[in-house]
1. Which number in (1) of a type in the set (Gly, Ala, Ser); (2) closer than 18 Å to Asp154 by Cβ; (3) outside any helix (DSSP H, G or I) marks the one condition that Ala102 misses?
2. So for segment 35-43 (the condition being of a type in the set (Ser, Thr, Tyr), surrounded by 14 or more Cβ atoms within 10 Å (Cβ to Cβ) and either assigned to a loop (DSSP other than H, G, I, E, B) or in contact (Cβ under 8 Å) with a residue 24 or more places away in the chain (or both)), does at least one residue qualify?
3. Report, by residue number, each residue of segment 44-96 that is within 24 Å of Phe125 (Cβ to Cβ), among the acidic types (Asp, Glu) and not in a helix (DSSP H, G or I).
4. Might you let me know whether segment 4-23 holds any residue that is under 12 Å from the mean Cα position of the chain (by Cα) and without any contact (Cβ under 8 Å) to a residue 40 or more places away in the chain?
5. Sort out which residues of segment 6-33 are outside any loop (DSSP other than H, G, I, E, B), touching a strand residue (DSSP E or B) at 6+ places or on another chain (Cβ under 8 Å) and not aromatic (Phe, Trp, Tyr), and write them in order of number.
6. Report, by residue number, each residue of segment 171-188 that is under 16 Å from the mean Cα position of the chain (by Cα) and at negative phi.
7. Tell me whether segment 138-154 contains one or more residues that are at positive phi and not in a helix (DSSP H, G or I).
Amino acid sequence: MPTSFLFDGPDDAHVTILLAHGAGAPMDSASMNATAKTLAAEGFRVARFEFGYMAGRRTEAGRKPPPRADKVMPEFIAAVDDLGPTNGPLLVGGKSMGGRVASMVADALFDAGRIAGLVCLGYPFHPPGKPETLRTAHLATLKTPTLILHGTRDEFGSPAEIATYTLSSAITVQFLEDGDHDLKPRKSISGFSAADHLRTIATSVDAWAKRIAK
């Protein structure tokens, strides 16, 4: 079946961002909606899609657990194919698992000249409570220009842990103070609101994209 997309932002935007969802929430979750709309307001064209297991939850097929990330890599490639030509550079990425899958297919797409970069929103460096189970091996040799936006309170990888990982020089990690795995801070503690961090995400992606996506 062809990929179904949700679009935000101008059709004639110079840069398009293709985003996949996290393991447990759909492409139109509150977090994905807020992020997509903020990026669109910054001038990006944002396309969202769902992996088959998540789309199936909207049908009589019912709730199925997420498959292993490598099992849905072909679905991400298919989404790029189905999206078709864009007005300008294409960035791929996603929330948590979606960003991880994007990172696993990024170099093949980058080498083929199909994408300009990768944006990960809360990368799942390891499962919560299992810091020894790393999902970073491929990140050591990643060639695709990459921006990882990550909360300092994210249970999928702390700043102290991430500092010990071997990451490619193509990767920029930007931390959002007190952000959780959805990049949301506790305003009473951090002094930042969710809206503040959303604006930071949008302006950071914009500044980074202008450097790598001519």
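1. Among (1) of a type in the set (Gly, Ala, Ser); (2) closer than 18 Å to Asp154 by Cβ; (3) outside any helix (DSSP H, G or I), the lone unmet condition for Ala102 is (3).
2. Taking segment 35-43 first, the residues of a type in the set (Ser, Thr, Tyr) are 35, 38.
Now restrict to residues that are surrounded by 14 or more Cβ atoms within 10 Å (Cβ to Cβ): 35, 38.
Narrowing the set further to residues that are either assigned to a loop (DSSP other than H, G, I, E, B) or in contact (Cβ under 8 Å) with a residue 24 or more places away in the chain (or both) leaves 35, 38.
Within segment 35-43, one or more residues are of a type in the set (Ser, Thr, Tyr), surrounded by 14 or more Cβ atoms within 10 Å (Cβ to Cβ) and either assigned to a loop (DSSP other than H, G, I, E, B) or in contact (Cβ under 8 Å) with a residue 24 or more places away in the chain (or both).
3. Within segment 44-96, just Glu50 meets the criteria.
4. no
5. First, pick out the residues of segment 6-33 that are outside any loop (DSSP other than H, G, I, E, B): 6-8, 16-20, 30-33.
Among the residues that remain, those that are also touching a strand residue (DSSP E or B) at 6+ places or on another chain (Cβ under 8 Å) are: 6-8, 16-20, 31-32.
Leu6, Asp8, Thr16, Ile17, Leu18, Leu19, Ala20, Ser31, Met32 - these are the residues of segment 6-33 that are outside any loop (DSSP other than H, G, I, E, B), touching a strand residue (DSSP E or B) at 6+ places or on another chain (Cβ under 8 Å) and not aromatic (Phe, Trp, Tyr).
6. The initial filter retains those residues of segment 171-188 that are under 16 Å from the mean Cα position of the chain (by Cα), namely 171-176, 179-184.
Of everything in segment 171-188, those that are under 16 Å from the mean Cα position of the chain (by Cα) and at negative phi turn out to be Ile171, Thr172, Val173, Gln174, Phe175, Leu176, Gly179, Asp180, His181, Asp182, Lys184.
7. Within segment 138-154, the first condition is being at positive phi, and the residues that meet it are none.
No.
Every read-out reported here was derived from the displayed coordinates using simple, explicitly stated rules and does not represent laboratory data. Worth saying up front: this structure is predicted, and the values here are computed from it rather than measured. We place every Cβ from the backbone using ideal geometry, glycine too, and count neighbours over all the protein chains shown.
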